[in-house]
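Chemist: Take this structure first; my questions come after.
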Amino acid sequence: MGDPFRNRKELIALLAGRMPHYRELLSFYEKIYELQSRAEPRLSIKLPKQELRDIGVREGFPLLSRGEFALDVSEASALFESLCTAIKHANETIETTIEILEGAFSISALRREELLRHHADDAYLDGIARDFDVESGVLRFLIHASILPSLRSHAEAIKKHLDLEKWLRGYCPICGSSPLIALLSGEGRRSFICSFCGTEWPGERLKCPHCETTDHTKLHYFCAEEDEGHRVDVCDNCNRYIKTVDCRKLDYEPDPILEDVTTIHLDILATEKGFLRLSSPSFRR
Ligand SMILES: [Zn+2]
Ligand SMILES: [Zn+2]
């Protein structure tokens, strides 16, 4: 256990040593993790009544919409500001977007708090991207990275009051978002990680998380050469794919986001084969 950021830092060093071509991307995420790990959002969370929670789990209704998460807006705003400083020079698109945003903040043409409060409002964010001529993917990535500590805290607080063994759906029990990635552990137990709030929930092993088919003739997977720890599960029924980390074949404790960003070669392979990703991280949406 110990300091989670320290553990992540060690994991990043290990992965960067093994995959030099992902070193730059890993160092980008290291900066983000370092800043996020300092966040301690203070939230006022209202837990839905037990009855509603039970109905939600039974009927497959997620408990919250994205816009209903409690946010510590002032903390998220400070994180947004420090993230902009830390990752500004990562690439040209990020640099241009951050420069425009910082310019708009400095003359109060735009307020960080307003952006964050509208994180779930696609029309608003598309309008901002258009009006200020900034890259919408970068804008959304910055917003999501800034509110993630709040989202995680809220999801954690709710999760312990849900019986997720009865959920077994292909979308998040807390917020309804698609899974970022799947994990296999123990005796082949499958779980999913939410692309929005980071919640992990158990799923059925032989069922497509998108169209829910259990027809085994439609479900198969492929791996990259010489890497048994990662695979792509595909469904011929709906043409979607999800990347799966087989934790039993790794010699380290995986971090879902890092596993996602260091398997972009699998996304490329899956796309070349004509499959669509089940969910995209906010950055690449
Ligand atoms: Zn979620
Ligand atoms: Zn499917």
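Just so you know, all these numbers are worked out from the coordinates, no wet-lab data involved. Just so we're clear, the structure is a prediction, and the values are computed from it rather than from any experiment. Counting neighbours? That spans all protein chains shown, and the Cβs are built from the backbone with ideal geometry, glycine included.
Chemist: What is the extension gain from residue 61 to residue 37, computed as 0.36 nm multiplied by their sequence separation minus the C-alpha to C-alpha distance, in nm to one decimal? Can you show the working numbers first?
Modeler: Numbers: separation 24, 0.36 × 24 = 8.64 nm, distance 3.07 nm.
Residue separation times 0.36 nm, minus the Cα-Cα distance, leaves 5.6 nm.
Chemist: When N counts the residues of the chain, how does its alpha-carbon radius of gyration compare numerically with 2.2 N^0.38 Å, as a ratio? Present the calculation step by step, with values, prior to reporting the outcome.
Modeler: Values: Rg = 19.2 Å, N = 285, 2.2 N^0.38 = 18.8 Å.
This ratio for the chain stands at 1.02.
Chemist: Right, something else. Please report the base-10 log of the normalised intensity I(q)/I(0) for the range 164-284, using a Debye sum with one equal scatterer per alpha carbon and no solvent, at each q in 0.16, 0.17, 0.21 (1/Å).
Modeler: -0.70, -0.81, -1.30
Chemist: Given the DSSP H assignment, sum -39500 (n - 2.57) over each helix run of at least 4 residues in the chain and divide by its residue total; what's the result at 222 nm in deg cm²/dmol, nearest 500? Mind dumping the intermediate values first?
Modeler: Numbers: 10 runs with 126 residues, N = 285.
Result for the chain: -14000 deg cm²/dmol, rounded to the nearest 500.
Chemist: What length, rounded to one decimal in nm, is gained on full extension from residue 136 through to residue 204, with 0.36 nm per residue of separation minus their alpha-carbon distance?
Modeler: Residue separation times 0.36 nm, minus the Cα-Cα distance, leaves 21.0 nm.
Chemist: Tell me, what is the FRET efficiency for residue 14 and residue 108 to the nearest 0.05, using R0 = 45 angstrom and their Cβ-Cβ distance as r?
Modeler: Working: r = 44 Å, r/R0 = 0.98.
The pair residue 14/residue 108 has a calculated efficiency of 0.50.
Chemist: Residues of the range 10-38 with backbone nitrogen within less than 14 Å of a virtual label 7 Å along the Cα-to-Cβ line of residue 91, please, listed as ranges.
Modeler: Answer for the range 10-38: 22-29.
Chemist: Using the Cα atoms as the points, what is the convex hull volume per residue of the range 1-99 in Å³? Walk me through the numbers before you get to the answer.
Modeler: Values: hull volume 18.0 nm³, N = 99.
Taking the convex hull of the Cα positions in the range 1-99, it is 182 Å³ per residue.
Chemist: A further question follows. What residues qualify as long-range amide H neighbours of residue 240, i.e. H under 5 Å apart, gap of 5 or more or another chain, H built at 1.01 Å from N?
Modeler: 235, 276
Chemist: Calculate the spin-label point distance for residue 165 paired with residue 189, positioning each point 7 Å from the Cα along the beta-carbon direction, and give it in nanometres.
Modeler: Rounded to a tenth, the inter-label distance reads 1.0 nm.
Chemist: Please give the length that would be gained between residue 74 and residue 224 if that part of the chain were fully extended, namely 0.36 nm times their separation in residues minus their C-alpha to C-alpha distance (nm, one decimal).
Modeler: Details: separation 150, 0.36 × 150 = 54.00 nm, distance 4.33 nm.
Once the chain is fully extended between residue 74 and residue 224, it gains 49.7 nm.
Chemist: Can you check how the C-alpha radius of gyration of the range 68-156 compares to 2.2 N^0.38 Å, as a plain ratio? Let's see the in-between values first.
Modeler: Numbers: Rg = 12.4 Å, N = 89, 2.2 N^0.38 = 12.1 Å.
So the Cα radius of gyration is 1.02 times the expected 2.2 N^0.38 Å.
Chemist: So how far apart, in nm, are the two label points at residue 252 and residue 45 if each is 7 Å from Cα heading toward Cβ?
Modeler: 2.9
Chemist: Output the relative contact order of the range 164-284, whole-number percent, from Cα pairs under 8 angstrom with separation of 6+ residues. All intermediate terms of the calculation are to be shown ahead of the outcome.
Modeler: Working: 219 pairs, mean separation 27.8, N = 121.
Relative contact order, the range 164-284: 23 percent.
Chemist: Tell me, what is the percent relative contact order of the chain, built from C-alpha pairs under 8 Å that lie six or more residues apart?
Modeler: On the way: 422 pairs, mean separation 46.4, N = 285.
Relative contact order comes out at 16 percent.
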